[in-house]
Structures are given as C-alpha cells and as structure tokens.
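Engineer: Quick one: the structure is below, and I'll ask about it shortly.
The values are calculated or read from the model by the stated rules, or taken from the named source; none is laboratory data. For clarity, every value in this text was computed on a predicted model and none was experimentally measured. With ideal geometry, Cβ positions are generated from the backbone for all residues, glycine too; neighbour counts draw on all protein chains shown. Surface accessibility is based on the protein's heavy atoms, side chains included, excluding ligands, DNA and RNA. Shrake-Rupley method; radii C 1.70, N 1.55, O 1.52, S 1.80 Å.
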Amino acid sequence: MGMFKNKTKTCKAQTVPRHIAIIMDGNGRWATKRGLPRTAGHAAGSETFRRIATYCRAIGVEYLTVYAFSTENWKRSAEEVGAIMQLFEKYLHEAIDTMANDHIRLKILGDMSRISPELRALIAKTDEISTHYDGFQANICINYGGRDEIVHAAKAFAARCASGECSPDELTEDMFSDLLYTAGLPDPELIIRPSGEVRVSNFLLWQSAYSEYYFTDVLWPDFDEKELDRAISAFNRRDRRFGGVKK
Ligand code: FPP
C-alpha cells in the first residue's frame, strides 16, 4: 500500500503497483489535431512524463518505466528523430540539476550503440548520481526493443558459456532476467498504453509475462493524475491469479 490509500480515505483501500510501465503514445496525433508540428507533441509528452513521474513518486510507486524511443523509431524523419533526441538531452541536463534535490534515481534502458556520445555522457552522469540514492526510480527506454533485449541477453549468456564461466543447462529464468536491461527491477504489475492503440509494440516482452494491461483513448500529452488513478483503480479490480485458481 502506498500513499494512494491515504488520498482515497472514502474509497476502498487501493494497492499501488510497485512498478508501473507506460507506452507514451499519441504525441503526434495530439499535435496534428492542434495544427502543430509532431515535435510539439513530443515536447508536450515530455512534460507529461515529468508530471506523471512526480505523481508516481508521491503516491508510493517505486519504479516507473516509460517507452520513449523504440528500435523501430529510427524510421521516422531525421527532423523528428533529432527533435526527440534533443528533448532527451534537455531532460537529462535538467535531471542532473534536480535529481540530488529530489533523490530520484534515473536509468536509461536500451541499446546505447546508436546513441550520440553527448547523450551517452549525460546518461553516464545520471547513472553515477543515481548510485547515491535508493528511492523512487524512473527508467526511460531509448533505442529499446523487447526482442532486441532478449537477443542481447542470449548473446551475453552464450559468451559466458563460450568462456567456460557457465554451461547452457545452468540457465534459469532468474539468471536470464539478470542479463536484461531491466536487471534488478521487479517486473511491472501494470502496463499502461494511452492513445487507443491496443498493441504491445515490442515493449518489455519478457518482463510482462504476468503484467496487467490498461488501455485508454486519451493521448499521452493529455494523460494526467486522474487518468493514472483510473488505471490504478482498474488494476485493483483485476483478479490476478498467476496461472493458479481463484481462492
Ligand atoms: C509515441 O507517440 C511517442 C514517441 C515515439 C516519442 C516519445 C518521446 C517523448 C515523450 C519525448 C521525450 C521523453 C522524455 C522522457 C524526455 P507517436 O509519435 O507515435 O504518436 P502518434 O501515434 O500519435 O503519431
């Protein structure tokens, strides 16, 4: 139970998920509807991320993981990709200045090989600052793909086997989890996708084995605290059995 319970005294007590993941979708449509360039939608979306991360921390969520840029998003125009990368840089610069005050841990998850050296340097800095804290953690997935992550983990395990460090039959689910970008994180209990799309889109494929999904038509820049409350309430109404039978 988190602070959410206290905020809803008149309602039945709610369980706040430890780990919430969100596919931040609908930025482009939000901007187009207003006659704005798509990049304005991403700028608004990054403000929504800030607001929702603050709220998650306040209600007692421990981990928030957002899908910000997929391994497939490079197919977009150079202008749009450049604008999104600039937003990441801006966000990380601001985070470096405020993380110490807020005691927030920030992690970037994904394949960093295509990420610019400037952005990687900022990521190294936020990683370093994060080691000093153990509270709320925000994870931003950049150049992330669920299949890519699994292949990356399989290669890492194969390399260990090739070096004689371990043998294939020793592999367990826990060992494999520790080779993923999300090593050490609990699996997300709740995954939210706004914007009306009802797809997984290569997000947290391994980690979502028992996650509850919540879909809403609201576009990401319009997503707010009330929407998150709705998602958490829906999560509380679910009957999670993990393959067992109802008691
Ligand atoms: C999906 O909406 C959104 C993206 C591919 C980019 C998300 C990036 C941000 C929110 C900005 C940076 C984030 C941080 C955390 C600083 P879409 O463009 O696919 O929307 P559409 O389906 O309406 O076209």
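Engineer: If the only charges are +1 at each Lys and Arg Cβ and -1 at each Asp and Glu Cβ, what is the size of the charge dipole of segment 199-247 around the Cα centre, to the nearest 20 debye?
Structural biologist: Dipole of segment 199-247, to the nearest 20 debye: 540 debye.
Engineer: Now a separate question. How much of the accessible area of the chain, in percent, comes from carbon and sulfur atoms when a 1.4 Å probe is used?
Structural biologist: Exposed carbon and sulfur together represent 52 percent of the surface.
Engineer: At 222 nm, what value in deg cm²/dmol follows for the chain if DSSP H runs of at least 4 each add -39500 (n - 2.57) and the sum is divided by all its residues, to the nearest 500?
Structural biologist: -14000 deg cm²/dmol
Engineer: Next question. Assuming 0.36 nm per residue, please report the length gained on full extension of the stretch LEU171 to ALA58 beyond their Cα-Cα distance.
Structural biologist: This chain segment gains 36.9 nm when fully extended.
Engineer: Still on this model: Can you pull the Rg over Rh of segment 167-243, Cα-only, Kirkwood?
Structural biologist: That ratio equals 1.06.
Engineer: Also, quick follow-up: For segment 39-172, what class follows from the C-alpha gyration tensor (a ≥ b ≥ c being the square roots of its eigenvalues): rounded when a/c is under 1.5, otherwise prolate if a/b is larger than b/c, else oblate?
Structural biologist: Here segment 39-172 falls in the oblate category.
Engineer: With only alpha-carbon atoms counted, please give the Rg and Dmax of segment 102-247, in Å.
Structural biologist: Computed over the Cα atoms of segment 102-247, radius of gyration and Dmax are 17.9, 53 Å.
Engineer: With springs only between Cα atoms under 10 Å, which of ALA95, ALA21, ALA78 fluctuates most in a Gaussian network model of the chain?
Structural biologist: ALA78
Engineer: Just to confirm my numbers, what's the Cα centroid distance between segment 208-235 and segment 135-169 in Å?
Structural biologist: Cα centroid to Cα centroid, the span is 28 Å.
Engineer: In whole Hz, with x marking every Gly and Pro, tabulate ³J(HN,Hα) for segment 220-233 from phi via Karplus 6.51 cos²θ - 1.76 cosθ + 1.60, θ = phi - 60°.
Structural biologist: Once θ is set to phi - 60°, the couplings for segment 220-233 become 3, x, 8, 5, 9, 4, 5, 5, 5, 4, 4, 5, 5, 5 Hz.
Engineer: Could you list which residues have their amide H under 5 Å from that of LEU106, counting only those 5 or more apart in sequence or on another chain, with H placed in the peptide plane?
Structural biologist: It is SER130, ALA138, by chain and number.
Engineer: Hey, could you get me the Stokes-Einstein D for segment 16-93, Kirkwood radius over alpha-carbon pairs, 4 °C and 1.567 mPa s, rounded to whole µm² s⁻¹?
Structural biologist: It diffuses with D of about 96 µm²/s by this estimate.
Engineer: Another question, if that's okay. Say we join alpha carbon atoms closer than 10 Å with springs in a Gaussian network model of the chain; which of PRO186, PRO117, PRO17 then has the biggest fluctuation?
Structural biologist: Taking springs between Cα atoms under 10 Å, the residue moving most is PRO117.
Engineer: Quick check: from the Cα gyration tensor, does the chain come out rounded (a/c under 1.5), prolate or oblate?
Structural biologist: rounded
Engineer: Continuing with this model, one more query. In segment 129-247, with Lys and Arg counted as +1 and Asp and Glu as -1 at Cβ, which of these residues, VAL245, VAL200, SER177, has the Cα nearest the positive end of the dipole, that is, farthest along it?
Structural biologist: VAL245
Engineer: Tell me the per residue accessible area of segment 14-134 using a 1.4 Å probe; a whole number in Å² is fine.
Structural biologist: So segment 14-134 comes to 48 Å² accessible per residue, rounded to a whole number.
Engineer: For segment 192-203, in order, what is each residue's ³J(HN,Hα) by Karplus, 6.51 cos²θ - 1.76 cosθ + 1.60 with θ = phi - 60°, in whole Hz (x at glycine and Pro)?
Structural biologist: Here the 3J(HN,Hα) series is 10, 10, x, 5, x, 7, 10, 9, 8, 6, 6, 9 Hz.
Engineer: Running Debye on segment 107-185 with equal point scatterers at the Cα sites and no solvent, what base-10 log of I(q)/I(0) appears at q = 0.15, 0.17, 0.20, 0.23 Å⁻¹?
Structural biologist: -0.65, -0.80, -0.99, -1.11
Engineer: If you take the charge dipole of segment 97-179 about its Cα centre, with +1 on Lys and Arg Cβ and -1 on Asp and Glu Cβ, which of ALA156, SER113, ALA124 is farthest toward its positive end?
Structural biologist: Toward the positive end, the furthest listed residue is SER113.
Engineer: May I ask you to list the residues of segment 192-209 whose amide nitrogen lies under 18 Å from a point 7 Å from Cα along the Cα→beta-carbon direction of ARG241?
Structural biologist: 209
Engineer: Here is a further query. Among GLU72, GLU118, GLU149, which one shows the highest mean-square fluctuation when the chain is modelled as a Gaussian network with alpha-carbon springs under 10 Å?
Structural biologist: So, out of GLU72, GLU118, GLU149, the one fluctuating most is GLU118.
Engineer: Suppose every K and R has +1 on its Cβ and every D and E has -1 on its Cβ; what is the size of the dipole of segment 105-191 about the Cα centre, in Debye to the nearest 20?
Structural biologist: Roughly 460 debye, rounded to the nearest 20.
Engineer: Considering amide H positions built from the backbone, and no H for Pro or chain starts, which residues 5 or more places from LEU205, or on another chain, come under 5 Å of its amide H?
Structural biologist: GLY146
Engineer: In addition: Can you list the HN-Hα couplings for segment 155-162, worked out from phi with the Karplus curve (6.51, -1.76, 1.60; θ = phi - 60°), rounded to whole Hz and with x for Gly and Pro?
Structural biologist: Once θ is set to phi - 60°, the couplings for segment 155-162 become 5, 4, 5, 4, 5, 5, 5, 4 Hz.
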